[in-house]
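Q: Shown below is the structure under consideration.
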Amino acid sequence: MSNDIKAIETEYDGHRFRSRLEARWAVFFNAVGLTYEYEIEGFEMDGTRYLPDFYIPSLNRWFEIKGKPLSLNEIKKCEEFCRRLDNENIKYSVLIGSPNLCAIRFGDFFGILE
């Protein structure tokens, strides 16, 4: 029996997010004034499709949202994605868990994006 919790699709800001967690990050991005694009572009990597969750144009950065730490397979996929994008000088981050506007100091958040 699997212990995985099924994601609940959530509508927010004109998007249908695959999970409430992704929607929470969209709320966070809006709260800090970051315009985001949700699942705008998929990438083909050795026959496997990869669709990052968010792209924030003003930061030129892709974001993947995860509810728990990455598996080895997910880490490999992220590393491959970063190597492919390195030539284009595009940044990439994995955000794990929910944002907490009370706990995150905006300066700290933006510091990790540089």
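Q: With the Cα gyration tensor of the range 1-58 giving a ≥ b ≥ c as the square roots of its eigenvalues, does the rule (a/c under 1.5 for rounded; else a/b larger than b/c for prolate; else oblate) give rounded, prolate or oblate?
A: In terms of gyration-tensor shape, oblate.
Q: Show me the ranking of peptides 64-72, 18-26 by mean Cβ neighbours inside 10 Å, starting with the highest.
A: Top of the packing list down: 18-26, 64-72.
Q: From the phi of every residue in the range 24-41, what ³J(HN,Hα) in whole Hz does the Karplus formula 6.51 cos²θ - 1.76 cosθ + 1.60 yield, where θ is phi - 60° and glycine or proline is x?
A: Once rounded to whole Hz, the list reads 4, 5, 4, 4, 4, 4, 4, 5, 9, x, 9, 6, 10, 10, 9, 6, 7, 8.
No value in this document is a laboratory result; all are computed from the given coordinates. All of these numbers come straight from a predicted model, not from anything done at the bench. Methodologically, a virtual Cβ is constructed for each residue, glycine included, from the backbone with ideal geometry; neighbour enumeration extends over all protein chains shown.
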